[in-house]
Amino acid sequence: MYPAHLLPASTYRLLPPTVLTPGWLLRRTDDAVVFLSQRAANGRPYLRADQIASPSQRLPEGLSVNLLGQFQLADAAWAPVTATGRIYLREYWQPNNAVIAPAPHADQHMQATPPQQWDAYGLAVAEVNGCPLTTTRGSFVVHVLHAPTGWNYWHCELRFRHTTDGWANAPGTYSDHQLRKVGEAIRQAFQEAGLAQPLTAVGSPQDWPAALYDSAA
């Protein structure tokens, strides 16, 4: 059964970056996490580039992650399994909206995949949020945004804001090809910054106090 502790309540709030700063983010991968022998300036090994994001992904549109605490590693096993589910699950949740119950749709759109079919790595919010990335396609700043969905209150996104144009999402003036090239450049700079960390560095983050996110607490 889909974990009920991931679902938002109508009294929950959106979390500002200042609240997220001490936290850890979890990024799921489709196979075992691979760190390379090459090292970043901070001494950490490079994460394999395609595990930061797919080469075809338009990174300016955002990178999906989860805020650890109530969200545990085991929760990353859940993934959408149908095209309909993928569209439905991308819908963002806003405070005071009706909460989407996990049943009966969970069995249709979500399933917990076996551990050997996925892996994950960690990102420290304090390191990632505000991190500058200099790329061949311009300079960007990474922003951590709380972006809950009806199925996962703890969902966040990494947005990449262009320091000249100011856009954080895909601008309409850029073609798909150009956005893929920008995505490739961001992914390389992200890799070279050594931001990704193994789960051993993450440890076991504590639950977030209800007073931070629940107005009823």
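Observations
- Extreme residue, positive dipole direction of the chain, given options Val19, Ala9, Val128 (C-beta unit charges): Val128
- If only the Cβ of Lys and Arg carry +1 and only the Cβ of Asp and Glu carry -1, the dipole of the stretch 105-199 around its Cα centre is close to 260 debye.
- What you get for the chain, charging only the Cβ of Lys and Arg (+1) and of Asp and Glu (-1), is a dipole of about 440 debye around the Cα centre.
- Relative counts (whole %) of C-alpha pair distances in the stretch 105-199, using bins that are 5 Å wide: 2, 11, 17, 20, 17, 15, 11, 5, 1
- Two-site label geometry, Asp214 and Arg48: point separation in nm, points 7 Å out along Cα→Cβ: 4.0
- Using just its DSSP H runs of length 4 or more, each adding -39500 (n - 2.57), the chain gives a mean residue ellipticity at 222 nm of -5000 deg cm²/dmol after division by all residues.
- Protein-only accessible surface order, largest first, of Val182, Val33 at 1.4 Å: Val33, Val182
- With every protein chain in place and a 1.4 angstrom probe, the accessible-area ranking of Thr149, Thr21, largest first, reads Thr21, Thr149.
- Exposure rank, largest accessible area first [Arg137, Arg187; 1.4 Å]: Arg137, Arg187
- Pairs of Cα atoms farther than 30 Å apart, the chain, %: 23
- Taken per residue, the accessible surface of the chain reaches 49 Å², heavy atoms only and a 1.4 Å probe.
- Fraction of accessible area attributable to carbon and sulfur, the chain (%, probe 1.4 Å): 53
- Percentage relative contact order, the chain, counting C-alpha pairs under 8 Å, at least six apart: 35
The values are calculated or read from the model by the stated rules, or taken from the named source; none is laboratory data. Bear in mind the structure is a predicted one, so any value in this text is a computation, not a measurement. Note: ideal-geometry Cβ built from the backbone for every residue, glycine included; neighbour counts use all protein chains shown. Accessible surface is based on the protein model in full, side chains and every heavy atom, while ligands, DNA and RNA are left aside. Shrake-Rupley method; radii C 1.70, N 1.55, O 1.52, S 1.80 Å.
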